[in-house]
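These notes concern the structure reproduced below.
The values are calculated or read from the model by the stated rules, or taken from the named source; none is laboratory data. Here the structure is a predicted model, which means the values were calculated and not measured. Cβ: placed from backbone, ideal geometry, glycine included. Neighbour counts: every protein chain shown.
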Amino acid sequence: MSKEHLVVERARKAFQTGKSKPLEFRVNQLKNLRRFINESRKDIADACKKDLNKSGNCTELFETLGIDGEINIAVKRLSEWAAPRPVEKSLLTISDEVFLQPEPLGVVLIIGAWNYPWAVTLQPLVGAIAAGNAAVVKPSEVSSHSAKLMEKLLPLYLDEELYPVVCGGVSETQELLRQRFDHVFYTGNSTVGKLVMEAAARHLTPVTLELGGKSPCYIDKNVDLRVACRRITWGKFVNCGQTCIAPDYILCEPSIQNRLVEEIQKCITEFYPDNPKTFEDYGRVINQHHFQRLMSLLEGSTVAIGGESDESLCYIAPTVLKDVRGDSKLMQEEIFGPLLPIVTISGVEEAIRFINEREKPLALYVFSQDRKLIMRMIAETSSGALVANDCLVHFTVSALPFGGVGNSGMGRYHGQHSFDQLSHLRACLIKKLNMEAANAMRYPPHTDKKLAW
Ligand code: NAD
């Protein structure tokens with residue numbers, strides 16, 4: 001029997017005792033998780049520095065703050081989320097109690113990715129705990145310092161049987177996926193997402209797949225380019241471009257391309273003064289495999305900004321490519337690094353066609369002063385989310401479901417969406433035994449007289 005099998009068995013037995021269900025228990029575990037984040041801030045920052053050269057402030061802003069926020073909302077709202085939810089009744093059930101009762105699913109497997117190793121692993125865990133489940137947590141082996149720290153410290157704060165951490169790479173994850181879970185929550189690329197779904201299907205286990213893809217950024221020629229470029233430069237180059245919702249490429253008319261390049265250059269100089277290579281807030285590509293992948297995407301393209309690299313440090317400067325063709329290498333796969341191609345199109349019409357000819361993205365960004373144009377983009381395209389005149393910020397709104405559509409994923413989380421995603425909303429109807437006369441019409445014989453009633 002494998003180690004993974006034993007861990008899942010133990011989590012299931014613990015779940016079956018019912019101890020994860022009382023709301024008071026859930027709130028306590030969530031508070032313990034918050035205490036873990038607060039007491040381990042420095043260790044978490046050190047691990048992120050080693051994994052991705054993240055600065056302490058970046059870790060605070062993009063990892064721990066979000067987890068903290070999700071915990072706070074769950075603690076505050078849990079009794080409301082977990083309460084029966086009355087629904088509209090039919091004529092036949094008018095005097096009955098009809099409601100949805102959220103109930104835990106059972107044992108959830110959470111598979112995390114490396115780019116935000118804490119946020120994408122522990123935010124789903126907040127939802128799993130809040131919904132009353134047990135959860136096996138599998139952080140990404142690629143961000144190894146964070147994974148080891150999570151494995152060492154989390155059991156000191158949370159119920160060890162209900163919420164075990166399993167470290168390991170592909171073979172350990174595959175062994176986990178052979179086990180029976182009640183839900184699998186996976187964050188990572190679409191290729192592995194399909195393998196996860198295939199493995200889960202063998203047990204008829206539902207999945208949440210938080211995947212990626214190429215998130216387009218359309219810039220209208222009448223927009224304030226200075227403001228647009230500040231927001232785009234921030235959203236693209238934070239975490240060295242390794243953000244699932246980073247703007248992957250820009251679509252704009254040829255007449256504004258050079259001004260865009262100038263404005264982005266100004267922002268890069270402002271955000272990473274002197275030299276991004278030596279600047280604290282500029283990250284690194286996670287490893288040499290990804291470094292080489294990114295460098296090979298650059299082949300044959302016209303560098304307008306940046307392009308410098310240092311393989312020994314996994315450093316690639318913030319880089320902008322101009323006049324990129326839709327069929328170039330850069331446009332075939334999600335970039336997931338600090339390379340920003342600009343593709344020119346004739347206008348909004350062509351932009352919409354360009355977007356719709358490709359896989360549905362996780363996020364779509366539109367920069368425009370024209371509300372009609374924004375509404376047209378909403379009406380005529382599809383993506384996990386659409387944000388106008390900014391980047392990334394929708395991730396911070398717990399009331400907005402976070403997730404993809406089509407190739408960018410399925411399912412959603414954050415705030416109550418996490419709770420609902422990891423609960424079964426059980427249909428409940430409670431009828432009284434009196435008022436039997438009111439039921440006469442449904443019993444045979446179905447005479448005309450009864451139906452005329
Ligand atoms: P990764 O390499 O860390 O893989 C993710 C997880 O899958 C890891 O835990 C890993 O152990 C496991 N895994 C890898 N190969 C496997 C296999 N063959 N079988 C079973 N398990 C396997 O991360 P990644 O996939 O490189 O992550 C980057 C991708 O994730 C990008 O596409 C990005 O857009 C996406 N992403 C999405 C979100 C989101 O919230 N939608 C967040 C972060 C990252």
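Structure above, values below:
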{"quantity": "Leading residue by the ranking (surrounded by the most Cβ atoms within 10 Å (Cβ to Cβ)) among those in the stretch 132-150 that are of a type outside the set (G, A, S) and under 18 Å from R41 (Cβ atoms)", "calculated": "P139"}
{"quantity": "Residue within the stretch 168-185 that is under 20 Å from T396 (Cα atoms) and within 11 Å of the ligand (Cβ to nearest atom) present", "calculated": "yes"}
{"quantity": "Of all residues in the stretch 374-411 being of a type in the set (D, E, K, R) and farther than 28 Å from E63 by Cβ, the one that is surrounded by the fewest Cβ atoms within 10 Å (Cβ to Cβ)", "calculated": "E380"}
{"quantity": "Failed item in (1) within 21 Å of E334 (Cβ to Cβ); (2) more than 9 Å from the ligand (Cβ to nearest atom), with S190 passing the rest", "calculated": "(2)"}
{"quantity": "The stretch 191-212, residues that are within 20 Å of S418 (Cβ to Cβ) and either touching a Gly at 6+ places or on another chain (Cβ under 6 Å) or among the hydroxyl-bearing types (S, T, Y) (or both)", "calculated": "T205, T208, L209, E210, L211"}
{"quantity": "Residues of the stretch 398-453 satisfying the condition of being touching a residue at least 60 places away in the same chain (Cβ under 8 Å), of a type in the set (K, R) and in a helix (DSSP H, G or I)", "calculated": "R442"}
{"quantity": "Number of the condition not met by T121 [criteria: (1) among the hydroxyl-bearing types (S, T, Y); (2) assigned to a helix (DSSP H, G or I); (3) surrounded by fewer than 22 Cβ atoms within 10 Å (Cβ to Cβ)]", "calculated": "(3)"}
{"quantity": "The listed residue being away from the ligand (no atom under 16 Å from the Cβ), in a strand (DSSP E or B) and either within 22 Å of the chain's Cα centre (by Cα) or hydrophobic (A, V, I, L, M, F, W, C) (or both), out of I374, I355, I342", "calculated": "I342"}
{"quantity": "Those residues of the stretch 106-165 which are among the acidic types (D, E) and within 20 Å of T59 (Cα to Cα), in sequence order", "calculated": "E141, E151"}
{"quantity": "Test: G127 is under 21 Å from K31 (Cα atoms), assigned to a helix (DSSP H, G or I) and among the small types (G, A, S)", "calculated": "yes"}
{"quantity": "Flag for L195 being within 10 Å of the ligand (Cβ to nearest atom) and buried (at least 20 other Cβ atoms within 10 Å of the Cβ)", "calculated": "no"}
{"quantity": "Only one of L92, L61, L30, L65 that is in a helix (DSSP H, G or I) and buried (at least 16 other Cβ atoms within 10 Å of the Cβ)", "calculated": "L30"}
{"quantity": "The stretch 90-115 residues that are more than 19 Å from S418 (Cβ to Cβ) and modelled with pLDDT under 95, paired with ones that are buried (at least 17 other Cβ atoms within 10 Å of the Cβ) and of a type outside the set (K, R) (beta carbon under 9 Å, 6 or more apart)", "calculated": "S90/V98"}
{"quantity": "Complete set of residues in the stretch 95-108 that are closer than 29 Å to L204 by Cβ and assigned to a strand (DSSP E or B)", "calculated": "V98, F99, L100, Q101, P102, E103, P104, V107, V108"}
{"quantity": "Residue match in the stretch 54-71 (condition: at pLDDT 95 or above, in contact with a helix residue (DSSP H, G or I) (Cβ under 6 Å, 6 or more places away or on another chain) and among the hydrophobic types (A, V, I, L, M, F, W, C))", "calculated": "yes"}
{"quantity": "Residue in the stretch 90-109 that is touching a helix residue (DSSP H, G or I) at 6+ places or on another chain (Cβ under 8 Å) and among the charged types (D, E, K, R) present", "calculated": "no"}
{"quantity": "Test: residue in the stretch 135-145 that is under 16 Å from the mean Cα position of the chain (by Cα), assigned to a helix (DSSP H, G or I), within 13 Å of the ligand (Cβ to nearest atom) and over 12 Å from G188 (Cβ atoms)", "calculated": "no"}
{"quantity": "All positions within the stretch 103-149 that are under 22 Å from R10 (Cα atoms), touching a Cys at 6+ places or on another chain (Cβ under 8 Å) and not aliphatic (A, V, I, L, M)", "calculated": "K138, P139, K148"}
{"quantity": "Residue, farthest from N133 (Cα to Cα), within the stretch 198-210, restricted to residues that are within 13 Å of the ligand (Cβ to nearest atom) and not charged (D, E, K, R)", "calculated": "A199"}
{"quantity": "So S171, is it closer than 18 Å to V196 by Cα and either modelled with pLDDT under 95 or more than 21 Å from the chain's Cα centre (by Cα) (or both)", "calculated": "yes"}
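To keep it simple, each residue is scored yes or no on (1) part of a strand (DSSP E or B); (2) at pLDDT below 95; (3) closer than 22 Å to C244 by Cβ.
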| residue | (1), (2), (3) |
| --- | --- |
| V303 | yes, no, no |
| S312 | no, no, no |
| V320 | yes, no, yes |
| L330 | no, no, yes |
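Residues checked against (1) within 16 Å of the ligand (Cβ to nearest atom); (2) under 26 Å from the mean Cα position of the chain (by Cα):
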residue	(1), (2)
G212	yes, yes
C217	yes, yes
K221	no, no
W234	no, yes
P254	no, no
I268	no, no
